[in-house]
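Written out below as structure tokens is the structure these notes cover.
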Amino acid sequence: MGDWSLSYDAYDPKAQGLREALCTLGNGKFCTRGAFAFESAGDVHYPGTYLAGGYNRLATPIADREVVNEDLVNFPNWLCLTWRPVDGAWFAVDAVEVLAFRQELDLRQGLLTIELRVRDDAQRETQLVERRLVSMANPHLAGIELRITPLNWSGSIEVASALDGRVINYGVKRYRDLASHHLNVIDCGHFLGELAGENMISLLVETTQSRLVVGEAARTRLFRDGRRLDAQPTAKDEPNFPRQVFAFGGHEGEETRVEKVVALYSSKDSAISEPGVASRELVDEAPDFDVLLAQHARAWAGLWRRCDVETVSDEPDMQMIVRLHILQLLQTTSPHTIDVDAGTPARGWHGEAYRGHVFWDELYILPFLDNHYPEIAKALLRYRGQRLEKARSAAAHAGHQGAMYPWQSGSDGREESQIMHLNPQSGRWVPDYSWQQRHVNLAIAYNMWAHYQITGDRAALETGNADVIVEIARLFASLASWNPDREGGRYEIHQVMGPDEFHEAYPDSEEHGLKNNAYTNVMVSWLMETALEVIDTLDDEPRADLLMRHDITQEERDLWETMSRRMYVPIHGDNIVSQFEGYGDLLEFDWEGYRAKYPSIQRLDRILEAEGDTADRYKLAKQADMLMLFYLFDEPTVEARMRRLGYELPDGWMDANINYYLHRTSHGSTLSFLVHAWVLARHRPEEAWEYLLKALSSDVSDIQGGTTAEGIHLGLMAGTVDLIQRGLTGLQVHDDKLVFDPRLLGSLRKISTRLQIFRHWVSIEVTPDSLTLEFDERWRRRADRIAVDVRGNMTEFEPGVRKTVALS
């Protein structure tokens, strides 16, 4: 593999699902998995197409109750393009002998190429080359080019091009007992284009509950020796499956090129009459594949200019994986996302895992976008702001004040977390209390304030983000209770879950939820101080409007100030900050015994439930929980926060806490490797390097044994790149001041990238011995000299002048 290419040199049916997810193509409006165009959905191949924010709700009777789930919908398969000798079967890769194979995802251009040389039962050998794109230039267009070359035979060939409206949601095995028929076909068939009178096909569908309408239209052309073949199609339709069949003569050694261009619109799109009309009109006037590719490549060149992060190391695939992660992030959230009402799905628009829902993963995703494409980040934050009223309603229904955002969010911002969870280890449906993770609200507030700190975008703060932050502060003020008997009086928060997720309740307790999750309580202290700072940051008029709009009194502000200093943080043993109150009283877990017993113990919650036990009884964690504080803030900031709360901890307490929890974490989430790499980077660089490599390989190598096939882990992908661009360069923004403290890990010898800070560009290059910065000329609007803290030493930089500083 090169630095710009993810490639495979052998066909492996067992790895097909993983490759389809990793080779997904998209443009921020929709994504299509990298399945072969000539295959239908089944246990090996799954050609899913997903629309950003394209959800639908269905009910399923389970365990004497009706379970309602909102799913990311698998929309009609536009890939359908296959062929056959007229006396043979339609081509299927699993029905022939594969003599040669190569699949390559060109990261620079967002182009997927699949090459096969195959032999059928009649000993006919054929060369097939497919190229595919989902246009980044026009977000409503996609295209396939299929080249067919008979190698040792001649004869008549048929090509079939179709749109498949028969699709269901079938991509996650554990969901297959749930209702899965999300689409009704409104119209399908053939039409003549107005420009050239070509015969084309179209399909119009509507989701059963959300009434989302999607229109697809396809134009198929055949070429040989650079000339268009006069091959007129024959309609060979099946119900909800409009299909054209083209017949032509094939000759040994002679290549025939088939082009299929597809247009896709939905009722979420603006400036259209309706999706069916829009898709038919666009495909009629769309250019040929080569022109589409040239336009698409130019759009990607612009994205890479803004977003590339270059690395030099001894790891052969590191640079490629970094770029793969950036590509998949930009295919999920691109400039075309800016006018789409959609959030940041945990698994991208790449599959049906987690039902396409939005969790807290934007905490790991938005920092990259804040620094490279703040307009996209602003749009994704708007998704939260537009659901503020739903969050306020949720809080009110739960008996709280403020705004309570859900752990899982979909179309309208209601809580989409499942109430029953299927444990594939035991086959049992068990209660799911993950909705208690109120810390998602803290992540939303953190993201909104971080966006302002990095971009200086006061308009975003004044027109929605400040409203969200103060309403979340109100929520936690409402959730907290005052305990006058604890440490001279402390605020406590009960019935929550932390990021760990393994612990949902206390052992043998009939009540769910935990008391005083340390991460939550410390973040609430941060939130209360930040909410006050937000108010003070606003200009006079916006501040007055905010205070009046939310009826924020001085008494309420005084309460927030007190809470910022008096939240309770449980501590046990030798200055170990307890993950939650009572964590230190739980049983120690037999790590060695379970590692010997099971090939993987990442999901100990499932293993223990299958054994009739529960993770609630043990000192263990799925992923970083308390240590998340050191992911979001540097060590001095966390220590200052603890001092503000009245906790004086001795030297070495952070290292002791890292040791304690590292030995009790199963890394059941891929995010755990990322967070631990970040936390360890400045304390144990050798260990941090190993965790970084694990995080980078998590999806490419599918280390969780099948989860990536159901959808990539978008937070992990964006977070690994952010770890390189911010964590290892030591970049921080403190009170309008830039701070760099580079620490390269392992065999990393160079990092270089361009970032936007305060909406101006700065080029960064880090080596083990030097830091080189070049500030864009537009920085002169801020100052003629930019003072930068480099490892504690102030250095001045002049805009437009490249300057290198030695690292001592």
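If Val322 satisfies all but one of (1) touching a Leu at 6+ places or on another chain (Cβ under 8 Å); (2) at positive phi, what's the number of the condition it fails?
Evaluating Val322 over (1) touching a Leu at 6+ places or on another chain (Cβ under 8 Å); (2) at positive phi leaves (2) as the failure.
Select from region 36-58 the residues that are aliphatic (A, V, I, L, M) and closer than 15 Å to Ile168 by Cα and list them in ascending order. Give the derivation first.
Step one: of region 36-58, the residues aliphatic (A, V, I, L, M) are 37, 41, 44, 51-52, 58.
Scanning region 36-58 gives Ala41, Leu51, Leu58.
Read through the list (1) assigned to a helix (DSSP H, G or I); (2) out of contact with any Lys or Arg (no Cβ under 9 Å at 6 or more places or on another chain), then give the number of the only condition that Asp574 fails.
(1)
Go through Thr208, Thr126, Thr113 for me and flag whichever is over 28 Å from Ser267 (Cα atoms) and under 27 Å from the mean Cα position of the chain (by Cα).
Working: Thr208 fails: over 28 Å from Ser267 (Cα atoms); Thr126 fails: under 27 Å from the mean Cα position of the chain (by Cα).
Of the residues listed, the single one that is over 28 Å from Ser267 (Cα atoms) and under 27 Å from the mean Cα position of the chain (by Cα) is Thr113.
Just to check your reading of the model, which residue among Ala297, Ala301 is among the hydrophobic types (A, V, I, L, M, F, W, C), under 30 Å from Glu194 (Cβ atoms) and open to solvent by 10 Å² or more (accessible area, probe 1.4 Å)?
Details: Ala301 fails: under 30 Å from Glu194 (Cβ atoms).
Only one candidate passes the filter, namely Ala297.
One line per residue, one yes/no per condition, for (1) crowded, with 18+ Cβ neighbours inside 10 Å; (2) over 17 Å from the mean Cα position of the chain (by Cα); (3) without any contact (Cβ under 8 Å) to a residue 24 or more places away in the chain:
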position: Ser7; (1), (2), (3): no, yes, no
position: Pro13; (1), (2), (3): no, yes, no
position: Ala21; (1), (2), (3): yes, no, no
position: Thr24; (1), (2), (3): yes, no, no
position: Phe30; (1), (2), (3): yes, no, no
position: Ala37; (1), (2), (3): yes, yes, no
position: Gly42; (1), (2), (3): no, yes, yes
position: His45; (1), (2), (3): yes, yes, no
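Condition first: β-branched (Val, Ile, Thr) and more than 24 Å from Arg176 (Cβ to Cβ). Now tell me which residues in region 427-445 satisfy that. Give the derivation first.
As a first pass, look at region 427-445 and keep what is β-branched (Val, Ile, Thr): 430, 440, 444.
Correct list: Val440, Ile444.
Any idea which of (1) assigned to a loop (DSSP other than H, G, I, E, B); (2) under 29 Å from the mean Cα position of the chain (by Cα) is the one Glu254 doesn't satisfy?
Looking at each condition in turn, Glu254 falls short on (2).
Within 19 Å of Trp83 (Cβ to Cβ) and open to solvent by 20 Å² or more (accessible area, probe 1.4 Å) - does that describe any residue in region 179-187? Before the answer, list the steps.
Kept after step one, since they are within 19 Å of Trp83 (Cβ to Cβ), are these residues of region 179-187: none.
Scanning region 179-187 turns up no residue that is within 19 Å of Trp83 (Cβ to Cβ) and open to solvent by 20 Å² or more (accessible area, probe 1.4 Å).
Provide a single number: the residues in region 558-579 that are among the charged types (D, E, K, R) and open to solvent by less than 50 Å² (accessible area, probe 1.4 Å).
Count: 0.
So, in region 304-321, exactly how many residues are within 23 Å of the chain's Cα centre (by Cα), assigned to a strand (DSSP E or B) and surrounded by fewer than 18 Cβ atoms within 10 Å (Cβ to Cβ)? Steps first, please.
We begin by selecting, within region 304-321, every residue within 23 Å of the chain's Cα centre (by Cα); these are 304-311, 317-321.
Of the ones still in play, those that are also assigned to a strand (DSSP E or B) are 309-311.
Applying the additional criterion that residues be surrounded by fewer than 18 Cβ atoms within 10 Å (Cβ to Cβ) yields 310.
Total meeting the criteria: 1.
What's the number of the condition Thr60 fails, among (1) touching a Phe, Trp or Tyr at 6+ places or on another chain (Cβ under 7 Å); (2) more than 19 Å from Ala217 (Cα to Cα)?
For Thr60, the exception is condition (1).
Being of a type in the set (S, T, N, Q) and either surrounded by 23 or more Cβ atoms within 10 Å (Cβ to Cβ) or in a strand (DSSP E or B) (or both) is the filter here; which residues of region 234-251 pass it?
Residues of region 234-251 of a type in the set (S, T, N, Q): 234, 240, 244.
Matches in region 234-251: Thr234, Gln244.
Can you tell me how many residues in region 370-380 are in contact with a Ser or Thr (Cβ under 7 Å, 6 or more places away or on another chain) and either within 22 Å of Arg347 (Cβ to Cβ) or open to solvent by 10 Å² or more (accessible area, probe 1.4 Å) (or both)? Give the steps one after another, and end with the answer.
First, the residues of region 370-380 that are in contact with a Ser or Thr (Cβ under 7 Å, 6 or more places away or on another chain): 370, 374, 376, 379-380.
If we keep only those that are either within 22 Å of Arg347 (Cβ to Cβ) or open to solvent by 10 Å² or more (accessible area, probe 1.4 Å) (or both) too, we end up with 370, 376, 379-380.
Of the residues in that region, 4 qualify.
Give me the helices (runs of 4 or more DSSP H) completely within region 322-409, filtered to those with at least 2 residues that are among the aromatic types (Phe, Trp, Tyr), ordered by residue number.
In region 322-409, 362-372 are the helices (runs of 4 or more DSSP H) which contain 2 or more residues that are among the aromatic types (Phe, Trp, Tyr).
Restricting to region 402-420, and then to whatever is surrounded by fewer than 18 Cβ atoms within 10 Å (Cβ to Cβ) and modelled with pLDDT under 90, can you tell me which residue is nearest to Leu461 (Cα to Cα)?
Selected residue: Ile419.
Quick check on this structure: which one of Glu592, Glu611, Glu588 is touching a Lys or Arg at 6+ places or on another chain (Cβ under 6 Å), of a type in the set (D, E, K, R) and surrounded by fewer than 21 Cβ atoms within 10 Å (Cβ to Cβ)? Step through it out loud before you land on a result.
Numbers: Glu592 fails: touching a Lys or Arg at 6+ places or on another chain (Cβ under 6 Å); Glu611 fails: touching a Lys or Arg at 6+ places or on another chain (Cβ under 6 Å).
Result of the check over Glu592, Glu611, Glu588: Glu588.
Can you pull out the strands (runs of 3 or more DSSP E) entirely within region 33-145 that have at least 2 residues that are under 20 Å from Ser156 (Cα atoms)? Steps first, answer last, please.
Working: elements: 49-51, 55-62, 65-72, 81-85, 97-106, 111-119, 125-134.
Answer list for region 33-145: 81-85, 111-119, 125-134.
Can you tell me which residues in region 381-401 are in contact (Cβ under 8 Å) with a residue 40 or more places away in the chain and open to solvent by 10 Å² or more (accessible area, probe 1.4 Å)?
Going through region 381-401, the residues in contact (Cβ under 8 Å) with a residue 40 or more places away in the chain turn out to be 381-386, 388, 391-392, 395, 400-401.
Those that are in contact (Cβ under 8 Å) with a residue 40 or more places away in the chain and open to solvent by 10 Å² or more (accessible area, probe 1.4 Å): Arg382, Gly385, Gln386, Leu388, Arg392, His400, Gln401.
Pull up region 538-557, narrow it to residues that are assigned to a loop (DSSP other than H, G, I, E, B) and open to solvent by 40 Å² or more (accessible area, probe 1.4 Å), then point me to the one that is nearest to Glu462 (Cα to Cα). Let's see the steps before the verdict.
Within region 538-557, the first condition is being assigned to a loop (DSSP other than H, G, I, E, B), and the residues that meet it are 538-539, 550-553.
With open to solvent by 40 Å² or more (accessible area, probe 1.4 Å) added as a condition, the list becomes 539, 551, 553.
Working: Asp539: 9, Asp551: 16, Thr553: 19 Å.
Selected residue: Asp539.
Filter region 469-510 for residues that are surrounded by fewer than 17 Cβ atoms within 10 Å (Cβ to Cβ) and at positive phi and give the result.
Glu487, Gly488, Gly489, Gln495, Asp508
Considering only residues of region 20-65 that are polar (S, T, N, Q) and modelled with pLDDT under 95, which is farthest from Gln103 (Cα to Cα)? Show your work before the answer.
Step one: list which residues in region 20-65 are polar (S, T, N, Q), which gives 24, 27, 32, 40, 49, 56, 60.
This time we only want the ones that are modelled with pLDDT under 95, so: 40, 60.
Working: Ser40: 18, Thr60: 39 Å.
Checked region 20-65; the qualifying residue farthest from Gln103 (Cα to Cα) is Thr60.
Only one residue in Thr49, Thr82 is crowded, with 19+ Cβ neighbours inside 10 Å, closer than 24 Å to Asp269 by Cβ and among the hydroxyl-bearing types (Ser, Thr, Tyr), so which one is that?
Working: Thr82 fails: closer than 24 Å to Asp269 by Cβ.
Going through Thr49, Thr82 in turn, the sole match is Thr49.
Given (1) open to solvent by 30 Å² or more (accessible area, probe 1.4 Å); (2) within 27 Å of Pro599 (Cα to Cα), where does Ala688 come up short, assuming only one miss?
With (1) open to solvent by 30 Å² or more (accessible area, probe 1.4 Å); (2) within 27 Å of Pro599 (Cα to Cα) applied to Ala688, the lone miss is (1).
The values are calculated or read from the model by the stated rules, or taken from the named source; none is laboratory data. As the structure is a prediction and not an experimental result, all values here were calculated from the model. Heads up, the Cβs are rebuilt from the backbone with ideal geometry, glycines too, and the neighbour counts pull from every protein chain shown. For accessibility, only protein heavy atoms count, side chains too; no ligands or nucleic acids. Shrake-Rupley method; radii C 1.70, N 1.55, O 1.52, S 1.80 Å.
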